[in-house]
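In what follows, a structure is listed as structure tokens, so that the remarks can point back to it.
The values are calculated or read from the model by the stated rules, or taken from the named source; none is laboratory data. Fair warning: this is a prediction, and the values are worked out from it, not measured in the lab. Positions of Cβ are generated from backbone atoms using ideal geometry, with glycine treated the same way; all protein chains shown enter the neighbour counts.
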Amino acid sequence: MILSGTRESRLLVYITALIALVLTLVPMPQLLSLLWPNLLVLTVLYWSTMAPLTGGMLLGFVAGLALDVLGGSQLGQHAFALSLLTYLAIRLHLLTRAKPLFEQSMFVLIALLLYEFTLWAIDGFSGNRTGSWARWVHVPIGAMLWPVVVGILGRLHSPR
Amino acid sequence: MAFAGGGMNTPSARDTAPGGRFIFFALLSLVLMYFDQRDGWGAKVRYVLQAVAYPIQVTVGSPGRLINATSEMLRTRASLREENEALQTRDRELELRTQRFEALERENEQLRGLAAGSLPPLVTKSVLVDAIQAELTANRQRLVVNKGDSDGLFRSQSVVDGKGLVGQLVRVGPWSAEVMLISDPAASVYVEIVRNGITTVAEGTGDPASLLLPQLPTTADVKEGDLVVTSGLGGVFPAGIPVGEVFEIERDPDELLATVRVRPRANLDRSHRLLALWFDATNPAAPWRPEMLDSLPPASIADPVTREAPASKQAGPSAEPARRKPAPQAGPHPPAARPAEPAPEKPAQAPEPVEPVQ
């Protein structure tokens, strides 16, 4: 009973992650792409918090690798940052998922800051361009969008 | 309400302990990063992953193409006829220009002391590629195109549109390839000002509408409207492909160098159809890096590096000018002079063909 439920939701987890990946990478006008949040990271954070066994560390790593390959960044950069984030989210899921949405958004803000900081540091260590302030814009926006992500993804699996 | 869903698999604390896996994935990421930097089998891993990612790439690019296709379908007969007329006019103009160009080419051959018709065409082959994804941010100016290794595309290949230079291929997957636009902050192109032959370097700024010529002194003879073409010095691009026009010059008397900006001729942010080019090695204007040339089998992604690494250590920088200038009397280089093996006289450019070092 529980096992079959887990298998179904694993499909759900990967499908939502795939959709989020496509939505994250869809090309858009300059200003919008500046403001566009990294939906894939939010989705991975959501599943790591709400269903830590289903997605697990593998989801974080694969999602990060997909961002690396499709975004053309250094191979392993996003994979590392997103693995770190997934680990923390799974580790702290009992703490965070009982919190009200606002407090969860604060956690997400910190997580996204850490994520972008890790990418930024790796860029710096490996001699790539570290970019301007523009790369940080998605962090607060992603945090603000967290309740929406919870609303949408929560609707997909809560009835079960 | 969403949090109720958490109950579906609440694991015990021991089950969730992801520490071991995290360490595994983190180490894996670090190894990937290490090898990707060094371009060894990291490139091969990426090649395989790019093949896996191809469907997603196509999906990501599809909304834009859907919009294009829809707007194309909704076009009226009148506007099509109008466009047809405009194209025909342009066709006539181009034909006239080609005739003039052929005469010039013959004249050029005579001046070089070559027999008529002995100068081969520069471009031997071109493949039309479609951009399926674009990343035009201040840090990266890249396009992903819908052809790759399977169509013979190779790394560092020149890509142009109808008006001028667009960029070069930096990563080639099986069915897709990534173009680094000349406006990418990491891109630099050896260029020449047509009016007076001054050679310099054009660097990308992250803005598709503006390149920078950062190495011209304040006293340099540059004017607004000067046409800038590739000089062929880097060995990656052929000589004489239009890059853009100078549109802004700032001369600060306190500074040694002027700030000269060039507007690219190619529609870097709007071109969807591009051409990847192959060159005839015997034409003096062709790029001289062996991996750029037509006669060699298309290099797989790791090849240029393995071929290049030993060669660049051997030769000194002094080798470059001698190799660069084709002696007019000697005629075209015999094809045998381009070995597939590392040539000892190969000039020591940057080992990475992507970023020509000044």
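With the requirement that a residue be surrounded by 21 or more Cβ atoms within 10 Å (Cβ to Cβ) and more than 16 Å from B:Gly235 (Cβ to Cβ), what does the stretch B:168-177 give you?
B:Arg171, B:Val172, B:Gly173, B:Ser176, B:Ala177
If you take the residues of the stretch A:44-94 that are within 7 Å of chain B (Cβ to nearest Cβ) and not in a helix (DSSP H, G or I), which of them is modelled with the lowest pLDDT?
A:Gly72
State all residues of the stretch A:92-102 that are farther than 11 Å from A:Met144 by Cα and not small (Gly, Ala, Ser); if no residue qualifies, say none.
Those that are farther than 11 Å from A:Met144 by Cα and not small (Gly, Ala, Ser): A:Leu92, A:His93, A:Leu94, A:Leu95, A:Thr96, A:Arg97, A:Lys99, A:Pro100.
Quick check on this structure: which one of B:Ser158, B:Ser126, B:Ser188, B:Ser150 is away from chain A (no Cβ under 13 Å), more than 23 Å from A:Pro27 (Cβ to Cβ) and without any contact (Cβ under 8 Å) to a residue 40 or more places away in the chain? Don't jump to the end; show me each part of the working.
On the way: B:Ser158 fails: without any contact (Cβ under 8 Å) to a residue 40 or more places away in the chain; B:Ser126 fails: without any contact (Cβ under 8 Å) to a residue 40 or more places away in the chain; B:Ser188 fails: without any contact (Cβ under 8 Å) to a residue 40 or more places away in the chain.
From the options B:Ser158, B:Ser126, B:Ser188, B:Ser150, the qualifying one is B:Ser150.
For a quick check of your reading of the model, give me the residue pairs whose first member lies in the stretch B:50-77 and is in contact (Cβ under 8 Å) with a residue 12 or more places away in the chain, whose second is of a type in the set (S, T, N, Q), with beta-carbon atoms closer than 7 Å and at least 6 apart or on different chains.
Listed by first residue and then by second, the contacts come to B:Gln50/B:Ser176; B:Tyr54/B:Ser176; B:Gln57/B:Gln133; B:Gln57/B:Ser176; B:Val60/B:Gln133; B:Gly61/B:Gln133.
In the set B:Arg75, B:Arg97, B:Arg81, B:Arg106, which member is part of a helix (DSSP H, G or I) and more than 30 Å from the chain's Cα centre (by Cα)?
Selected residue: B:Arg81, the only one of B:Arg75, B:Arg97, B:Arg81, B:Arg106 that is part of a helix (DSSP H, G or I) and more than 30 Å from the chain's Cα centre (by Cα).
Within the stretch B:259-289, track down each residue that is among the aliphatic types (A, V, I, L, M), assigned to a loop (DSSP other than H, G, I, E, B) and touching a strand residue (DSSP E or B) at 6+ places or on another chain (Cβ under 6 Å). Give the derivation first.
First, pick out the residues of the stretch B:259-289 that are among the aliphatic types (A, V, I, L, M): B:260, B:262, B:266, B:268, B:274-277, B:281, B:285-286.
Subset that is assigned to a loop (DSSP other than H, G, I, E, B): B:266, B:268, B:281, B:285-286.
B:Ala266, B:Leu268, B:Ala281, B:Ala286, listed by residue number.
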